[in-house]
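Colleague: Just dropping this structure here.
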Amino acid sequence: MDRLPAARRFVRRFVAGPALEDALGVAARLNAEGVDAAVTHLGENVATAGDAAQAAEAYLEVLEQIDRRKLRAVPSLKLTHLGLDLGEAVCQANLERVAARGLTARTLVWVDMESSVYTDRTLDLYCRLHGTYSNLACVVQAYLRRTARDIERLIEDGATLRLCKGAYREPPEIAFPAKRDVDESYARGIDRLLSAGAMTHNVYPAFATHDERLLDRARERARAGGLAADRFELQMLYGIRHDLHAPMRAAGLRLRVLVPYGEDWYGYFMRRLAERPANLAFFFRQLLRG
Ligand code: FDA
């Protein structure tokens with residue numbers, strides 16, 4: 001796929017480019033349009049401690065460049081990229097290096113959520129470190145049956161958290177198989193996270209979705225609760241529904257776009273294809289044409 005120009009072009013729809021410079025350029029353009037950014041160095045499930053340390057180095061450089069260029073951007077990383085498969089100690093040491101640098105620069109470090117194999121370990125590590133590194137943020141996935149409980153735990157913690165639908169293939173005992181149930185779970189998450197009770201704990205929710213009905217719901221709930229625009233944010237992915245950016249900004253909503261870069265795009269790209277069958281058809285048409 002790497003060698004096919006048509007495939008590369010299609011990947012570039014979702015990935016800023018191979019180098020950090022590509023992502024920083026996109027982040028600067030987004031900032032100029034009033035949109036914040038989250039920068040992801042693509043990679044996951046590394047096999048050696050050396051690779052995990054390199055991923056941490058890459059994120060230190062992301063933080064350095066964000067600071068130097070005065071960008072409104074934060075890193076968003078995966079724990080298996082920092083070595084979670086190699087043991088929690090390896091991963092924690094790498095995460096702490098990145099979190100400490102972020103804390104000095106007063107920049108959030110967002111910890112993505114991966115498949116359900118990692119949910120407990122990811123949330124436990126987050127909760128353990130959040131007291132020391134108040135700049136850590138985490139993610140919950142509406143498709144998991146457990147998420148309502150996790151949201152309560154994170155509200156108690158006064159967490160900064162992203163609510164997304166969830167992008168991995170999970171068994172029905174663990175995750176709602178029907179899209180309607182996932183959307184309802186997401187809607188319940190919005191209601192709870194924007195409730196007066198949650199706000200008294202200083203929780204800062206980010207609603208990551210391109211689903212207009214849910215985006216409208218978040219906006220409506222915030223308005224009804226009299227919440228200031230800086231008490232929550234909306235998040236979207238680079239390459240998806242850019243047409244929504246301007247109306248959201250015009251409505252005075254905080255918006256952040258996640259911008260991935262790097263060579264290791266396969267897993268990320270495949271999740272973007274899988275969550276929308278139309279992408280797959282379009283992709284194969286491009287390949288045939290190419
Ligand atoms: P839904 O799938 O219902 O799509 C709503 C509409 O959005 C579609 O009708 C279409 O118009 C558009 N759309 C959605 N996906 C598209 C695609 N791939 N290509 C083109 N159009 C598309 N997941 C996870 O498990 N862990 C994580 O840490 C994160 N992090 C994260 C950060 C941010 C900022 C976002 C926006 C998303 C994530 N996700 C994630 C991914 C998330 O779980 C989910 O898979 C995608 O956001 C797609 O679901 P939607 O909420 O957009 O809804």
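The values are calculated or read from the model by the stated rules, or taken from the named source; none is laboratory data. Everything quoted here is computed from the prediction, not taken from an experiment. Note that each Cβ is placed from the backbone with ideal geometry, even for glycine, and that neighbours are counted across all protein chains shown. We work out accessible area using only protein heavy atoms, side chains counted, and drop any ligands, DNA or RNA first. Shrake-Rupley method; radii C 1.70, N 1.55, O 1.52, S 1.80 Å.
Colleague: Considering only the range 197-209, I want to know if a residue exists there that is in a helix (DSSP H, G or I), touching a Lys or Arg at 6+ places or on another chain (Cβ under 9 Å) and closer than 24 Å to R249 by Cα.
Modeller: yes
Colleague: Away from the ligand (no atom under 16 Å from the Cβ) and modelled with pLDDT of 95 or more, is that true of A73?
Modeller: Here the answer is no, as A73 does not meet what is asked.
Colleague: Yes or no: the range 69-76 includes at least one residue that is hydroxyl-bearing (S, T, Y), touching a Phe, Trp or Tyr at 6+ places or on another chain (Cβ under 9 Å) and within 24 Å of T160 (Cβ to Cβ).
Modeller: Yes: the range 69-76 contains one or more residues that are hydroxyl-bearing (S, T, Y), touching a Phe, Trp or Tyr at 6+ places or on another chain (Cβ under 9 Å) and within 24 Å of T160 (Cβ to Cβ).
Colleague: Is it the case that the range 140-159 has a residue that's within 11 Å of the ligand (Cβ to nearest atom) and open to solvent by 40 Å² or more (accessible area, probe 1.4 Å)?
Modeller: Scanning the range 140-159, I find no residue that is within 11 Å of the ligand (Cβ to nearest atom) and open to solvent by 40 Å² or more (accessible area, probe 1.4 Å), so the answer is no.
Colleague: When residues of the range 274-290 are filtered for being within 7 Å of the ligand (Cβ to nearest atom) and open to solvent by 20 Å² or more (accessible area, probe 1.4 Å), how many remain?
Modeller: Matching residues across the range 274-290 total 2.
Colleague: Could I ask something else about it? Output the residues belonging to the range 171-205 that are of a type in the set (D, E) and either more than 10 Å from the ligand (Cβ to nearest atom) or open to solvent by 40 Å² or more (accessible area, probe 1.4 Å) (or both).
Modeller: Correct list: E173, D181, E184, D191.
Colleague: Would you mind finding the one in R213, R241, R271 that is under 30 Å from T200 (Cβ atoms), within 10 Å of the ligand (Cβ to nearest atom) and in contact (Cβ under 8 Å) with a residue 12 or more places away in the chain?
Modeller: Exactly one of R213, R241, R271 is under 30 Å from T200 (Cβ atoms), within 10 Å of the ligand (Cβ to nearest atom) and in contact (Cβ under 8 Å) with a residue 12 or more places away in the chain, namely R213.
Yes/no matrix, rows are residues, columns are (1) open to solvent by less than 10 Å² (accessible area, probe 1.4 Å); (2) away from the ligand (no atom under 13 Å from the Cβ); (3) touching a residue at least 40 places away in the same chain (Cβ under 8 Å):
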site	(1), (2), (3)
R8	no, yes, no
R12	no, yes, no
A19	no, yes, yes
L24	yes, yes, yes
A55	yes, yes, no
L63	yes, yes, yes
L82	yes, yes, no
L86	no, yes, yes
V90	no, yes, yes
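Colleague: Residues of the range 1-52 being under 30 Å from E88 (Cβ atoms), more than 18 Å from the chain's Cα centre (by Cα) and part of a helix (DSSP H, G or I), which ones?
Modeller: Matches in the range 1-52: A49, G50, D51, A52.
Colleague: T40 fails exactly one of the following numbered conditions: (1) without any contact (Cβ under 8 Å) to a residue 60 or more places away in the chain; (2) surrounded by 23 or more Cβ atoms within 10 Å (Cβ to Cβ). What is the number of that condition?
Modeller: Unmet condition: (1).
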